[in-house]
Amino acid sequence: MTSTESKMFSLITSGLTSRDREERILAIRALGILSIPEHVDLLTDLLGSNDEVVVLETLDSLGAIRNPKALKYVLEFLHSENHSLAEKALDILGKFPMEKALDVVLRAAGPEQPSHIRNRILTCIRDVRDPRVSAFMVELVGQTKETALLTEAIRYFIRFPSHDRTTILRMLSSNSQWEIALMANVALSRLGDEGARAQWKRFLKSPAQPIRMFLLEALNLNPLPNDLAAYESFFQDSHPQIRGGALNGLGIFSADERVRVLRDWMARERDEWVRSELFRFVRNEKNPAFFAEFFGLLGSTSEAQKKIGISALSAMGEAILGRLFNEFPKMGQVVKEKIITVLGNIGGEKAIKAVFPFLDSPERWLRINAIDAVACMKAESAVPKLISMLEREEDIWVKATLLTGLSEFGNPSHETIFLSHLNAKDARVRANAIQGLWKVSSGNHRQILRPLLNDPNDRVRVNAAIAIWKTGNSDVLDDLIKMTCEGTKWVRSSAAFALGEIGDKEATPALLELLKDSEEVVYRNALEASAKIGDLRALIPLLREREQKRVSAEFFDHLIGKFAKNLHR
């Protein structure tokens, strides 16, 4: 740790005792983001505060740090008369690694606790396979008649079947409460009891959707091959939530059975949410049997559907090349563009051969997609063709794409090509030429690139600054920092972006100053750049900005997550 970082840690921790309430709360949040196990000792002292917000924030940070040492303090709040504190303790309980503090947790779930607290604790240990948990669940069955507690205990034996628990499950299978009896019969069927299976199968025909959903959730804890017929029933249920939830059972079907089930299901499904979930599942199958279904998505008016189609077909690999080639003559231009992208993702000599003719297409987007595809495949045989195209190409979009495509090959001998386009009339061409230069060259082009820091186009300026930095000229930081004070919002926002890409912590003070900027694009770029750099000095200021609510809470949470990742890295 540098002396500056050490000083910042001291400033953050000293904030815990500040008389300023806001500073204290920000310091607590900062420690949660830092997630250093040793900081637990600093935070637990604050749990005795009379300020409810301070205690709530402290509990949140302890949950983020996840040090089992703090668990005993959190559990004490389960008994709090303050409902908010008790709920917060229950909420964060599941964040701790249960295996490392199992005995403490089990004691906290004892019979002296109110049922709702016991139930919440049980949900935290339901996936912990341990003899102590199993014994606790058996003991629980003998202690209570509470439906919620009993179903939670039985749920454990569905998840982890045990012949040693057969007797107690048989006793529960005849319980007067249908939820308990159903769960017990599901648990017994996990042990091969066909009589129990026959009992719960009656619920498949229940007219009540909540009952069918309850059964599905029980089976989803541990689906078995013998449940095939039940899941087939769920796949055709009248309620979309049940059909969507039943996707969890597809793993028990063989590959051929899944193809049959899924093709039938995809053909009849009309609910948009279920259709989306279905296509995501099938995409992960990577099975060429679904070629027609995903090929059909390429002509969709929905960009999201097109992307699913492209990614699914790409994942199927060389096995579908023959079918793609057969479909080519019948395709419209839009579909051809997508198929060229698919071929680029699949790669191989056959794909290269198929894409190559489109480099001469009279249609702009076919040429652009073909350039991207051969670059994606790193098709060295296409390089002379790309260079030849660049010499005669008049379409600015295509020319810019050619420069990007050539840069993907990383060939130092192409340096002069990129240098020759640095002063092109079109800003896209200039920006792509700079980017290509830093990808293929390790030479020092500072003198050539410096004038481009004053280019009228912000992307050109950004790329020039990054290129100068990548060739070892750190003094470009001074230029970029000066640009953060310039008059137009585009110059300031571009400078912030470039500083984030460079990632040097020397830029932090300038970026923090930009957080005062009234222009939204500048403000957002400064936030993003600070998150990319991950400088400890920016943590408290960023947390303070969250309270200003200039951007959404979701955006800020994503930003802080990125910051924490880069800080720890």
Once you sort the root eigenvalues of the Cα gyration tensor of the chain as a ≥ b ≥ c, which label holds: rounded (a/c under 1.5), prolate (a/b larger than b/c) or oblate (the other case)?
-> oblate
With x for Gly and Pro, the residue-by-residue ³J(HN,Hα) of segment 423-438, computed from phi through the Karplus equation 6.51 cos²θ - 1.76 cosθ + 1.60 at θ = phi - 60° and given in whole Hz, is 10, 4, 5, 7, 5, 4, 5, 4, 4, 6, 5, 4, 4, x, 4, 6
Straight-distance crosslink candidates among lysines, where the alpha carbon sits under 19 Å from Lys439 and sequence neighbours closer than 8 are dropped = Lys378, Lys399, Lys470
Report ³J(HN,Hα) in whole Hz for each residue of segment 206-223, in order, from the Karplus equation J = 6.51 cos²θ - 1.76 cosθ + 1.60 where θ = phi - 60°; Gly and Pro get x.
-> 4, x, 8, 4, x, 6, 5, 5, 4, 5, 4, 4, 5, 5, 5, 5, 6, x
Is there a pair in Lys336/Lys489; Lys306/Lys489; Lys95/Lys532; Lys95/Lys505 whose C-alpha atoms are over 30 Å apart, and which pairs would that be?
-> Lys336/Lys489; Lys306/Lys489; Lys95/Lys505
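If you take the alpha carbon radius of gyration of segment 442-569 and divide it by 2.2 N^0.38 Å, what ratio comes out, to two decimals?
Numbers: Rg = 14.4 Å, N = 128, 2.2 N^0.38 = 13.9 Å.
Its radius of gyration relative to the 2.2 N^0.38 Å reference: 1.04.
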Using the 10 angstrom Cβ neighbour count as an exposure proxy, how do Tyr73, Tyr156 rank, fewest first?
-> Tyr73, Tyr156
Ranking of His163, His421 by count of other Cβ atoms within 10 Å, fewest first = His163, His421
Relative to the longest principal axis of the chain, what angle (0 to 90°, nearest 10) does the C-alpha long axis of helix 131-143 take?
-> 50 degrees
Classify segment 453-510: rounded, prolate or oblate, from the alpha-carbon gyration tensor (a ≥ b ≥ c, eigenvalue square roots; a/c under 1.5 rounded; otherwise prolate if a/b is larger than b/c)?
-> oblate
Quick one: net charge around Ala495, please, counting Lys, Arg +1 and Asp, Glu -1 for every other residue with C-beta under 10 Å from its C-beta.
-> 0
For Lys286, go through the aspartates and glutamates and keep the ones whose alpha-carbon is under 18 Å away, minus same-chain ones fewer than eight residues off.
-> Asp256, Glu257, Asp264, Glu277, Glu318
Go through segment 390-399 residue by residue and turn each phi into a ³J(HN,Hα) via Karplus (6.51, -1.76, 1.60, θ = phi - 60°); whole Hz please, and just put x for glycine and proline.
-> 4, 5, 10, 5, 9, 6, 4, 4, 5, 4
Specify the inter-centroid distance of segment 146-205 and segment 319-393, based on alpha-carbon positions, in whole Å.
-> 58 Å
Gyration tensor on Cα atoms of segment 1-112, a ≥ b ≥ c root eigenvalues, a/c under 1.5 rounded, else prolate if a/b beats b/c, else oblate, says oblate
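Values quoted throughout were computed directly from the atomic coordinates according to the rules given, and no laboratory measurement underlies them. Please read all numbers here as calculations on a predicted model, not as lab measurements. In this analysis, Cβ positions are derived from the backbone assuming ideal geometry, glycine residues included, and neighbour counts consider all displayed protein chains.
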